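S.K.: Here it is, the structure in full.
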C-alpha cells in the first residue's frame, strides 16, 4: 500500500466503521458478563472477573485477524506468509493461558474450566462473522 499524504486522516472511514462495530460488540459482551455473568455461569465473582478478563483478551486476539484486512471479507488470505503475525498471536494466547491458569496471585485470576475457556473463545471468535457483516456496510468515500 502506498504511503498516505500528510493531510490524510490517520484513521480512515473504513477503520472507524470496523473499530466502532468491534467496540460496540465488545462493550455489549463485557457489560452482559459484568452484570449477569455470575448468574449465567453460576460462579463466584472472582471466576466471573477472570472470564471477563479472558474474554476481553481473546476478543483482542481475534480482532487482530480482522484488522489485517480492512475491507476484504477473507481475513485469512496470505496468513501463512506473515510468520511474525502468527508468532505474536501465538505468544499472546500462550501468555494469556499461563496468566489465567498459573499466575493466580500475580494476575488476580482463578483457573477456568474447559467449558469456561470454550465460552471465552466463542465470544472472541464471534467477532469474525460480525466483521463479515459489518464489511457489507458501504463506507462513503471522501471526494
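Every read-out reported here was derived from the displayed coordinates using simple, explicitly stated rules and does not represent laboratory data. Not measured: the values here are computed from a predicted model. Backbone-built Cβ (ideal geometry, glycine too); neighbour counts: all protein chains shown.
S.K.: Determine whether residue 92 is touching a residue at least 12 places away in the same chain (Cβ under 8 Å), surrounded by 13 or more Cβ atoms within 10 Å (Cβ to Cβ) and farther than 30 Å from residue 134 by Cα.
M.R.: Answer is no for this residue.
S.K.: Having 3 or more residues that are under 19 Å from residue 139 (Cα atoms) is the bar; report the helices (runs of 4 or more DSSP H) wholly within the range 1-106 that clear it.
M.R.: 13-41, 45-68
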